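One structure below.
The values are calculated or read from the model by the stated rules, or taken from the named source; none is laboratory data. In this text, all values refer to a predicted model and were calculated from it rather than measured experimentally. Here the Cβ is made from the backbone with ideal geometry for all residues, glycine too, and neighbour counts use every protein chain on show. SASA here: full protein model, heavy atoms, side chains in, ligands and nucleic acids out. Shrake-Rupley method; radii C 1.70, N 1.55, O 1.52, S 1.80 Å.
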Amino acid sequence: MNSKVVTIVFIGLCLLLLLSVGGSFWDGTFDLLLHGSPVSKFPETLFVFWLGMSQAGVLLSVFLLIMNVKIHRRTSLLLELSSLCGLLVSGAFALFYSEQISVNVNFYGIGIVGFISLLFFTTHLASADSTESLALCNEMLKIRRPLAWIILPTMFWVDSILCLDFASAHDPVWQGALFPLYVVSGIFYLGLALLVVLLSFENYYNRRTERFLMLCSWFISVLFLWMLLVKGEGCISSFVFACVVPQFLFVKAVRENLWSRLMVALCILFGFLLKCDFVVCHRESRLILDFKFADASLLFAGAALFVAAFFGVRLLLSRFFENDEILMGEVNENDDDADIEEKKDVYCSPFSAPEFKVVRLPVLCGILVGVAHGYFTSDWAGLVEPVAAYVSCVLVCLQPFVHLGLSKKYREGKNK
Amino acid sequence: MSMFANAVACLLCLIFAFVLCLQKGMLRITLLMLIAVMTSCLYTSFAGNLAIPALESYPFRMVALTFCVYTTRLRENRRRYMVLAQTFWLWVELVGCVSLLQVGEEAPWIRLAAIAEIALGCCFMAKISREIEFGLIVLWMAVWMFF
């Protein structure tokens with residue numbers, strides 16, 4: 001990681017924060033910053049934006065793992081860590097501006113997703129730590145994909161329910177089957193843009209991610225146009241930032257320059273922020289047209305907190321990130337992921353795959369607990385799946401320790 | 001949508017899947033998928049009334065059916081991708097059903113249950129022969145047309 005650049009970025013963000021706080025004194029919006037206001041919806045916009053960020057990293061990491069897309073361990077660790085830091089920032093906004101945030105959020109669902117994301121990240125760290133017990137490493141490696149199989153549907157479920165609840169309680173315009181699809185695909189796209197930004201700090205360039213980003217931008221464009229056609233509403237400025245600007249990546253000069261690449265990825269993030277603002281405030285480009293220094297202060301405060309948390313943890317855990325499979329510096333097209341060895345898939349008959357053997361009992365227990373929860377609380381939509389996923393993930397994570405404990409006992413018995 | 005429009009949509013999905021099977025390379029497959037999504041959206045807007053809430057996700061249901069049919073032609077990890085494609089379809093349908101319930105309309109729960117059952121059945125399949133492939137496509141078409 002380029003610590004010098006990270007420090008410059010962090011100091012830059014802090015200076016911008018100070019400048020905008022000073023500006024808020026000048027335009028008389030400082031009170032909004034301290035106490036909030038029922039009129040100002042920007043804290044809510046930022047809460048929604050960071051909530052989206054908190055899902056993006058893990059969703060992308062889990063999806064790529066399930067789809068067998070080979071990425072470096074460091075790349076997926078960065079994604080997972082970014083999710084946790086996003087959750088921290090959204091939690092901070094929810095805490096400080098609880099009165100302004102009127103979004104009906106299933107906090108338990110989000111909390112469960114956060115917890116299982118943390119478990120996923122921790123198992124990834126443990127499987128990466130080759131200095132510790134090799135047996136534990138191997139056991140942890142075995143449960144990564146089963147965990148991914150549990151986390152992916154949970155995230156889809158929680159996000160969909162969140163969107164449907166938001167639409168029914170907040171704005172009936174968004175009510176319908178399209179909004180959850182739109183949001184989940186947007187979160188996925190956001191994860192890719194975030195990945196490009198994070199990899200830039202690592203002096204690392206993965207052309208596959210960039211290609212994937214370009215291809216996804218087309219699908220997001222079609223989704224946006226369909227939304228416009230069906231609902232008659234859409235944020236044009238967010239479309240320009242998030243869907244039109246990424247097309248510049250077709251130009252080789254833009255694609256191969258670190259700064260232009262970074263600018264395109266940041267434009268996508270800004271476009272997503274504009275989209276969140278549009279959904280919350282129902283006004284096109286309110287953030288730009290109705291600019292307030294208090295809003296800018298909140299924006300920079302969130303970004304600074306994210307940068308501090310993310311790179312702080314990244315520095316602390318650098319030995320896990322920078323392990324034996326590291327690949328520093330720019331890589332050319334031919335070398336893309338060339339150091340990852342391909343494993344040939346072996347045919348497994350139904351229900352006999354090693355992954356299935358790991359998940360069968362935990363998932364069964366999880367489903368039983370979920371159903372019992374649904375039966376006793378009569379809340380079948382909100383928490384049944386997250387509770388089932390929570391129990392399943394905890395049980396899956398306990399398995400390596402049980403296996404290791406049993407094998408140790410067996411060895412001791414044999415020695416006696 | 002009328003039965004005829006549904007049948008045409010199903011035919012379109014089969015054509016998309018067939019053309020997708022002929023392609024090689026990430027860029028060409030993605031371009032074709034994009035064309036499939038765009039055509040599905042255009043078809044839905046011309047053939048149906050967009051004011052009907054059930055038609056909001058119709059193009060994505062078409063895309064899901066295309067994916068399902070396409071996975072029968074895969075050579076590696078076919079069962080896994082088949083289940084994934086059906087799970088995607090299930091998710092689109094589930095979200096559609098819940099949103100229809102929210103606006104006070106009747107949701108097609110039988111379709112949802114049928115897709116779930118086929119997806120579950122696919123998990124049990126050891127070898128997917130040509131006959132089973134054909135049977136699955138017929139089942140998906142039946143779910144599309146009659147439920």
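Tally the residues that are outside any helix (DSSP H, G or I) and either facing another protein chain (nearest Cβ under 10 Å) or open to solvent by 10 Å² or more (accessible area, probe 1.4 Å) (or both), restricting the search to the stretch A:190-203. Step through it out loud before you land on a result.
Initial filter on the stretch A:190-203 (outside any helix (DSSP H, G or I)): A:202-203.
Next cut, either facing another protein chain (nearest Cβ under 10 Å) or open to solvent by 10 Å² or more (accessible area, probe 1.4 Å) (or both) only: A:203.
Within the stretch A:190-203, residues that are outside any helix (DSSP H, G or I) and either facing another protein chain (nearest Cβ under 10 Å) or open to solvent by 10 Å² or more (accessible area, probe 1.4 Å) (or both) number 1.
So is residue A:297 at pLDDT 75 or above and farther than 28 Å from residue A:271 by Cβ or not? Explain how you work it out, then say what you get.
Values: at pLDDT 75 or above: yes; farther than 28 Å from residue A:271 by Cβ: no.
Considered against the rule, which asks whether it is at pLDDT 75 or above and farther than 28 Å from residue A:271 by Cβ, residue A:297 comes out as no.
Say we look at the stretch A:225-269 and pick out the residues that are among the hydroxyl-bearing types (Ser, Thr, Tyr) and crowded, with 16+ Cβ neighbours inside 10 Å; which of these is farthest from the other protein chains (Cβ to nearest Cβ)? Step through it out loud before you land on a result.
Step one: filter the stretch A:225-269 for residues among the hydroxyl-bearing types (Ser, Thr, Tyr), giving A:237-238, A:260.
Still in the list and also crowded, with 16+ Cβ neighbours inside 10 Å: A:237-238.
Details: A:237: 22, A:238: 19 Å.
Selected residue: A:237.
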- State whether one or more residues within the stretch A:216-233 are under 30 Å from residue B:55 (Cα atoms) and not in a helix (DSSP H, G or I). yes
- Note on the structure: Of the residues in the stretch A:166-189 that are open to solvent by 20 Å² or more (accessible area, probe 1.4 Å) and within 9 Å of chain B (Cβ to nearest Cβ), the one that is modelled with the lowest pLDDT is A:172
- Sort through B:103, B:83, B:95, B:143 and tell me the only one that's within 14 Å of chain A (Cβ to nearest Cβ) and open to solvent by less than 10 Å² (accessible area, probe 1.4 Å). B:95
- Scanning the stretch B:37-70 for residues that are under 10 Å from the mean Cα position of the chain (by Cα) and of a type in the set (Val, Ile, Thr) gives B:63, B:66, B:69
- Item | Residue list for the stretch A:339-389, filter: modelled with pLDDT of 75 or more and among the β-branched types (Val, Ile, Thr) | A:358, A:359, A:363, A:367, A:369, A:371, A:377, A:384, A:387
- Query: Of the residues that sit in the stretch A:380-416 and are closer than 18 Å to residue A:357 by Cβ and of a type outside the set (A, V, I, L, M, F, W, C), which one is farthest from the chain's Cα centre (by Cα)?
  - Reply: A:407
- Is the stretch B:39-51 home to any residue that is at the interface with chain A (Cβ under 9 Å from one of its Cβ atoms) and either in contact (Cβ under 8 Å) with a residue 40 or more places away in the chain or within 20 Å of residue B:138 (Cα to Cα) (or both)? no
- Given the conditions (1) at the interface with chain A (Cβ under 8 Å from one of its Cβ atoms); (2) of a type in the set (Phe, Trp, Tyr); (3) surrounded by fewer than 24 Cβ atoms within 10 Å (Cβ to Cβ), and given that residue B:60 satisfies all but one, which numbered condition is not satisfied? (3)
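Within the stretch B:18-38, track down each residue that is open to solvent by less than 30 Å² (accessible area, probe 1.4 Å) and at the interface with another protein chain (Cβ under 8 Å from one of its Cβ atoms).
As a first pass, look at the stretch B:18-38 and keep what is open to solvent by less than 30 Å² (accessible area, probe 1.4 Å): B:20, B:30, B:34, B:36-37.
Answer for the stretch B:18-38, where residues must be open to solvent by less than 30 Å² (accessible area, probe 1.4 Å) and at the interface with another protein chain (Cβ under 8 Å from one of its Cβ atoms): B:30, B:34, B:37.
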